[in-house]
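Data block below; observations after.
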Amino acid sequence: MTQIAIIGFGEAGQIYAEDLARKATIRVWDKKLLGSQAASLRARAQQFNVGVAASLGDAIQGADLILSLVTAGNARDVAEQAAPLLVRGQHFLDFNSVSPATKQAAAEAVKHGKGSYLDVAVMAPVPPKRLATPLLLAGAHADLMAETLTSLDCSARAVSDSIGDVSAIKMCRSVMIKGLEALTTECLSAAQQYGVEDAVLASLHASFPSMGWDDQLPHYLISRVAEHGVRRAEEMGEVVKTLQDAGVDAMMSKAIRRVQAAMPAKMAERGILYSDLQPFVWQTSLNTLK
């Protein structure tokens, strides 16, 4: 049975751990296992029937695949820490949403060790489709790893031999996806203050009738900012790097980063957890955060 180490036991890491455990032996590691969340994370791992490693090195030892599912700000550090621990035949799959340059630097670190590095782009939110979430792969072993992940019920496709190619796709896409979340948050925050939110949503629905502006879309888009804005702001920092490396000024992406960060910051100031806003209704949530 394939041995898989999952580094990062947050939302995505937990989904991959739970679902991959049906076909592989899983061990997880997260630095939060050393802190106040240790008990709850261990309980979740037990629920999923996956092992908990004592350290990064302990997680990597004996693994065939190492899946890095950490935050954008920690992605390169984890690759650099893992690099000297890897042995021949081990594959480090970097699932993190970072710039091509960050992936290339991480790959360079791994190259100095004995393992191999794969650039993986996660092309949609993980929770709805779970293992069926589309994955794009780049790197010298992309074809092999796409076949391996597909055998584990993932939806993986090899795109390129060049590290950074699939991350460029992901980063450019994020301008649109995270931008739509930020625009919706800003648009409806103002519309609510003027008491015209229903008219604005009706107009958006009339212009884009297939998107769901008259149904769940506004709730979903704003909830993503409330729940994941901190991580998304970090990712948008990587998007800014990506665009600037290509000679694009990234004015919009800089603004998106600020909007994504603002709502979680306001929640933290007021001691409000995302769970306190459940079930999430955008009108109620924005009123709470006035």
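Which value, in debye to the nearest 20, gives the size of the charge dipole of the chain about its Cα centre, when Lys and Arg are +1 and Asp and Glu are -1 at the Cβ?
Numbers: 28 positive and 30 negative charges, 102 e Å.
The calculation lands at about 480 debye.
Once both axes come from the Cα atoms, what is the angle between helix 11-20 and the longest principal axis of the chain, in degrees from 0 to 90, rounded to 10?
50 degrees
Running a GNM on the chain with Cα contacts under 10 Å, which residue among A132, A206, A101 ends up with the highest mean-square fluctuation?
For the chain, modelled as a Gaussian network with Cα springs under 10 Å, the answer is A206.
What per residue convex hull volume, in Å³, do the alpha-carbon atoms of the chain yield?
Working: hull volume 39.2 nm³, N = 290.
Value for the chain: 135 Å³ per residue.
Output the direction-averaged projected area (hull surface divided by four) of the convex hull of the alpha-carbon atoms of segment 175-290, in nm².
Quarter of the Cα hull surface area: 7.5 nm².
I want the local charge near S55. Using Cβ-Cβ distances under 15 Å, sum +1 for each Lys or Arg and -1 for each Asp or Glu among the other residues.
Net charge in that neighbourhood comes out at +1.
Could you list log10 I(q)/I(0) for segment 23-87 at q = 0.19, 0.29 Å⁻¹, which the Debye formula gives when each Cα is one point scatterer?
Each listed q corresponds, in turn, to -0.78, -1.39.
Can you pull the accessible area of M252 for me, 1.4 Å probe, Å² to the nearest 10?
Answer for M252: close to 120 Å² accessible.
May I ask you to list the residues of segment 114-143 whose amide nitrogen lies under 13 Å from a point 7 Å from Cα along the Cα→beta-carbon direction of D161?
139-143
Can you work out the accessible area per residue across segment 35-125, with the rest of the protein chains kept in place, probe 1.4 Å, in square angstrom? Write out the running numbers ahead of the final one.
Numbers: 3840 Å² over 91 residues.
Ligands and nucleic acids excluded, the result is 42 Å² per residue.
With a 1.4 Å probe and all protein chains kept in place, how do K266, K32, K129 rank by accessible area, largest first? Working shown, then result.
Numbers: K266 80, K32 105, K129 125 Å².
From most exposed to least exposed: K129, K32, K266.
Can you tell me the length gained on complete extension of the stretch M251 to Q3, counting 0.36 nm per residue apart and subtracting the Cα distance?
On the way: separation 248, 0.36 × 248 = 89.28 nm, distance 4.35 nm.
Working it through step by step, the gained length comes to 84.9 nm.
If one takes the longest principal axis of the Cα atoms in the chain, at what angle in degrees, from 0 to 90 and to the nearest 10, does the Cα axis of helix 165-194 lie?
The two axes meet at around 30 degrees.
With viscosity set to 1.306 mPa s and temperature to 10 °C, compute the Stokes-Einstein D of segment 33-128, Rh being the Kirkwood radius across alpha carbon pairs; µm²/s, no decimals. Each step should come with its number before you reach the end.
On the way: Rh = 14.3 Å.
Roughly 111 µm²/s, to the nearest whole number.
May I ask which residue of L204, W282, A107 lies farthest towards the positive end of the charge dipole of the chain, with charges of +1 (Lys, Arg) and -1 (Asp, Glu) on Cβ and the Cα centre as origin?
A107
Roughly how many whole Å is it from the C-alpha centroid of segment 181-251 to that of segment 15-60?
With segment 181-251 and segment 15-60 each reduced to a Cα centre, they are spaced 33 Å.
If you take the beta carbon distance between T288 and Q46 as r and set R0 to 41 Å, what does 1/(1 + (r/R0)^6) give as a FRET efficiency, to the nearest 0.05? Walk me through the intermediate numbers first.
Values: r = 34 Å, r/R0 = 0.84.
Approximately 0.75, to the nearest 0.05.
The values are calculated or read from the model by the stated rules, or taken from the named source; none is laboratory data. Just so it is clear, the model here is predicted, and its values are computed rather than measured. When we count neighbours, we look across all protein chains shown, and the Cβ atoms used for this are built from the backbone with ideal geometry, even at glycine. With ligands, DNA and RNA removed, areas are computed over all heavy atoms of the protein, side chains included. Shrake-Rupley method; radii C 1.70, N 1.55, O 1.52, S 1.80 Å.
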